[in-house]
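A.B. asks: For reference, the structure I am asking about is given below.
The values are calculated or read from the model by the stated rules, or taken from the named source; none is laboratory data. Keep in mind the model is a prediction, meaning the values are calculated, not measured. Backbone-built Cβ (ideal geometry, glycine too); neighbour counts: all protein chains shown. Accessible surface is based on the protein model in full, side chains and every heavy atom, while ligands, DNA and RNA are left aside. Shrake-Rupley method; radii C 1.70, N 1.55, O 1.52, S 1.80 Å.
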Amino acid sequence: MENLKYLKDVMSLDKVILGLKQANNEELKRIEFLIKQKDKKEEEIAQLRNDTKQAKEQVTANEKSIFEIEKKLEQSRANLNAVTSQQQEEALSVSIKKQEDEFEGLQDKTLELLEMIEEKEALQKEAIEFITGITNTIDEIQAEVDQGNKANESKVLSLENQIEGLLSEIPPEAVKLYKMAAAKRAHDACTFLIGQSCGSCKFTYAVGEVATFNKGIDLILCKGCQRLLLPAPLRDI
């Protein structure tokens, strides 16, 4: 039982290591969030560019149609001076009015398209500036994370060496069980019995089993969470 007390120190050092490794987790989550925002903005830019391209193509088609209608109008107006009957004049006037309405309608639609293009190009510019800013922010946070990780590497190595030193003082069978638990639950491999239950997952054992475990004679991995179960008396040593 006496040598098993070193597992308490191992547990403490494991928690410190876990804390060091998780120190930058929040910043990494922030980077992940920013990357998602950047991806969404890039999709938005792609859609804006596609909309702008289609609008410009429509403007070109409209301008071609306006030019053709304008030529027809010129010809129709010239023909109006050469009519020989009122019937011809009325028919030609109706045709001219229809062409004028079509001409004005296309002009209005083209102006609307040009305004839309201007708006979408402005939105593209804003989105590109947003991406530039968010990319710089991501790079800055990543640099801080890398710096923090580098600073913590030597601390973690020192703590891991301390753990190995402590494990060398513990019976080999207990070390074997600890390493089996650590392989599945790095830096959270041990837990204490509390009453009749595992202190982590609350799996409950029979009274007779608990009595045996608490003597430190027969260490086991918890049937519920696979952590190494430490005898309750160790908590007070």
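A.B. asks: Suppose every K and R has +1 on its Cβ and every D and E has -1 on its Cβ; what is the size of the dipole of segment 191-237 about the Cα centre, in Debye to the nearest 20?
C.D. replies: That gives segment 191-237 a dipole magnitude of about 120 debye.
A.B. asks: Taking amide H positions as placed 1.01 Å from N in the peptide plane, with prolines and chain starts having none, which residues 5 or more places from Leu230, or on another chain, fall under 5 Å of its amide H?
C.D. replies: Placed amide hydrogens put Thr191, Phe192, Leu193 under 5 Å from Leu230.
A.B. asks: May I pose another question? With the cut-off at 26 Å, tell me which of the pairs Lys38/Lys120; Lys21/Lys41; Lys155/Lys184; Lys41/Lys109; Lys71/Lys97 have Cα atoms farther apart than that.
C.D. replies: Checking Cα-Cα distances, Lys21/Lys41; Lys41/Lys109 exceed 26 Å.
A.B. asks: Assigning unit charges at the beta carbon (Lys, Arg +1; Asp, Glu -1) and nothing else, what dipole magnitude in debye, to the nearest 20, does segment 159-237 show about its Cα centre?
C.D. replies: The dipole of segment 159-237 has a size of about 320 debye.
A.B. asks: Could you point to the residue in Leu113, Val145, Leu166 farthest towards the positive end of the chain's charge dipole, with +1 and -1 charges on the Cβ of Lys/Arg and Asp/Glu respectively?
C.D. replies: Working it through, the farthest residue towards the positive pole turns out to be Leu166.
A.B. asks: Positive end of the dipole of the chain, charges at C-beta (+1 Lys, Arg; -1 Asp, Glu), about the Cα centre: which of Ala183, Gly208, Tyr6 has its Cα farthest in that direction?
C.D. replies: Gly208
A.B. asks: Of Gln124, Gly195, Ala91, whose Cα points farthest to the positive end of the dipole of the chain (charges on the beta-carbon: +1 Lys, Arg; -1 Asp, Glu; origin at the Cα centre)?
C.D. replies: Gly195
A.B. asks: Quote the FRET efficiency, to the nearest 0.05, computed for Val156 versus Thr204 with a Förster distance R0 of 45 Å and r equal to the Cβ-Cβ distance.
C.D. replies: So the FRET efficiency works out to roughly 0.80.
A.B. asks: Looking at the chain, which longest stretch skips every one of the GluC sites (Glu not before Pro) that is in a DSSP loop with at most 15 other Cβ atoms within 10 Å, leaving the sites themselves out?
C.D. replies: Maximal segment without exposed cleavage sites: 3-168.
A.B. asks: Further question: State the label only: which of (1) -0.60, -1.01; (2) -0.29, -1.04; (3) -0.43, -1.06 corresponds to log10 I(q)/I(0) by the Debye sum over Cα atoms at q = 0.08, 0.15 Å⁻¹ computed from the shown model?
C.D. replies: The value computed from this structure is option (1).
A.B. asks: If you filter segment 187-237 for chymotrypsin sites (Phe, Trp or Tyr not before Pro), then keep DSSP loop positions with at most 16 other Cβ within 10 Å, what is left?
C.D. replies: Answer by residue number: Phe203.
A.B. asks: Name the trypsin sites (Lys or Arg not before Pro) in segment 154-233 that are in a loop by DSSP and that have at most 15 other C-beta atoms within 10 Å, would you?
C.D. replies: Lys202, Lys215, Lys223
A.B. asks: Return an integer: the convex hull volume of the alpha-carbon atoms of segment 20-147, in Å³ per residue.
C.D. replies: 82 Å³
A.B. asks: Placing +1 at every Lys and Arg Cβ and -1 at every Asp and Glu Cβ, with all other atoms neutral, what dipole size does the chain have around its Cα centre, in debye to the nearest 20?
C.D. replies: Dipole size: approximately 1800 debye.
A.B. asks: Sticking with this one: Counting heavy atoms of the protein chains only and a 1.4 Å probe, report the per residue accessible area for segment 1-132 as a whole number of Å².
C.D. replies: Value for segment 1-132: 71 Å² per residue.
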